[in-house]
Amino acid sequence: MSSLLSVFSAPGRYVQGPDATRHLAAELKYLGYSGPVLIAASTSAIKHLSGVWKETFPLCGLKYSVHAFSGECTAEEITAIEDAAKALSADIIVGCGGGKVLDAARAAAASINVGFASAPTLASTDAPCSALSVVYHANGEVSEYRILRRNPDLVLVDSSVVAKAPTRLLVAGMGDALATWFEARTCAANKVKNMRGGASTMSALALAELCYKTLLSDGEKAIEAVKRQTTSDALERLIEANTLLSGLGFESSGLAAAHAVHNGLTALTETHDFYHGEKVAFGVLTQLVLEGAPRHEIDEVLAFSRKVGLPTSLRQIGVVEPSARDLVMIGERTCRPGETIHNEPFRVDAQMVAEAIKEADLIGRE
């Protein structure tokens, strides 16, 4: 029996549905925030949602200001959000947009000890619910993971907004969510610490498995809804899988090889134009090869990936003719001390990763 305490971590409140943005101010008020509110938002979020903020925040008596996100979650951008919040005397920061703006806003709120709310406009990552920020260098390479003290006070997902986003972004979210079950089961079986410093719970593992099953059952139907730019029951379930189920599953069970391979892939500049979830999806195949997973399991992941349009080869994430040195470089970045690949139940080195990537690429191209 392990002496490691089990830890389950989750946001304080999760709200999802059509036109949910109209309820953002009321939700903040309900949670006890009186403002001012700093909204750190992407250019697209400002363009499409500023009118709703302007209409609804005064109705709740909340003053707010908007900080335009630079586009990359760097240490410098986090500091800029901190400075904007201090200048406003904000009591909460709202991150609005994709995963990188949420990560930057989350890290800034933790640094200056104010509240934080996620208002994602995409279902492209499992970032909204977590207490983790992935910080990048300005060149697009992963710099560090920042593990923060607490999860968001509020996660509010407007499915009407998500439905109007490009299909590729929803699919990228499926790639991120695809890793959840495979990494969670590895971490739970190996009894390693999850992202919150404790052992996995049955609840976290069950949510991770439900995430995977939801992807398989609703992925294609959700894409159909987004192509029509309308919400549907399948899309609502898929958004919940990409956002809530994946977020709770990865954070309270843990990450393993798939996300470490993603980080390794960022060592090659040609991968920088591809989304986080697209690279994670290839990382899933690499993890399954590395672990010696049954072929029927690999085939199920391949079939799903092809149906929804996730990458199954290096070429599909920009790496056309990788040299042996390129593969070892990815492997070395993947296996850095502290990386989540070391949650695998066996010792992993850069050469093993390079060989697994070659095999996954071969299988994915067949």
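The values are calculated or read from the model by the stated rules, or taken from the named source; none is laboratory data. All values reported here derive from a predicted model rather than from experimental measurement. Note: ideal-geometry Cβ built from the backbone for every residue, glycine included; neighbour counts use all protein chains shown.
Against the conditions (1) surrounded by 19 or more Cβ atoms within 10 Å (Cβ to Cβ); (2) at pLDDT 95 or above; (3) under 27 Å from residue 167 (Cα atoms), residue 319 satisfies every one except (2).
Please enumerate the residues belonging to the stretch 1-43 that are among the small types (Gly, Ala, Ser) and surrounded by fewer than 18 Cβ atoms within 10 Å (Cβ to Cβ). Reasoning before the result, please.
First, the residues of the stretch 1-43 that are among the small types (Gly, Ala, Ser): 2-3, 6, 9-10, 12, 17, 20, 25-26, 32, 34-35, 40-42.
Passing the criteria: 2, 3, 6, 12, 17, 26, 32, 34.
The residues of the stretch 177-205 that are more than 19 Å from residue 293 (Cα to Cα) and assigned to a helix (DSSP H, G or I), listed by number, are 202, 203, 204. Just give me the residues in the stretch 327-358 being part of a helix (DSSP H, G or I), within 26 Å of the chain's Cα centre (by Cα) and among the acidic types (Asp, Glu), in sequence order. Residue satisfying the conditions is 332 alone. The helices (runs of 4 or more DSSP H) found entirely in the stretch 206-284 include none that carry 2 or more residues being touching a His at 6+ places or on another chain (Cβ under 7 Å) and within 28 Å of residue 314 (Cβ to Cβ).
Looking at 122, 154, can you tell me which residue is at pLDDT below 95, surrounded by 20 or more Cβ atoms within 10 Å (Cβ to Cβ) and either over 24 Å from residue 26 (Cβ atoms) or aliphatic (A, V, I, L, M) (or both)?
Details: 154 fails: at pLDDT below 95.
Only one candidate qualifies: 122.
Within the stretch 292-303, no residue that is assigned by TED's automatic domain parsing to the domain that holds residue 211 and part of a helix (DSSP H, G or I) sits with its Cβ atom under 7 Å from a residue that is loosely packed, with under 15 Cβ neighbours inside 10 Å and among the charged types (D, E, K, R) at 6+ positions apart or across chains.
Could you grab me the full set of residues in the stretch 318-346 that are among the small types (Gly, Ala, Ser), farther than 28 Å from residue 189 by Cα and in contact (Cβ under 8 Å) with a residue 12 or more places away in the chain? Break it down into steps so the answer makes sense when it comes.
First, the residues of the stretch 318-346 that are among the small types (Gly, Ala, Ser): 318, 323-324, 331, 338.
Narrowing the set further to residues that are farther than 28 Å from residue 189 by Cα leaves 318, 323-324.
Matches in the stretch 318-346: 318, 324.
Taking the conditions exactly as written (at positive phi, of a type in the set (Gly, Ala, Ser) and touching a helix residue (DSSP H, G or I) at 6+ places or on another chain (Cβ under 8 Å)), does residue 309 satisfy them or not? Answer is yes for this residue.
What do you reckon, is residue 59 surrounded by fewer than 16 Cβ atoms within 10 Å (Cβ to Cβ), out of contact with any Gly (no Cβ under 6 Å at 6 or more places or on another chain) and within 27 Å of residue 163 (Cα to Cα)? Taking the combined requirement at face value, the residue satisfies it.
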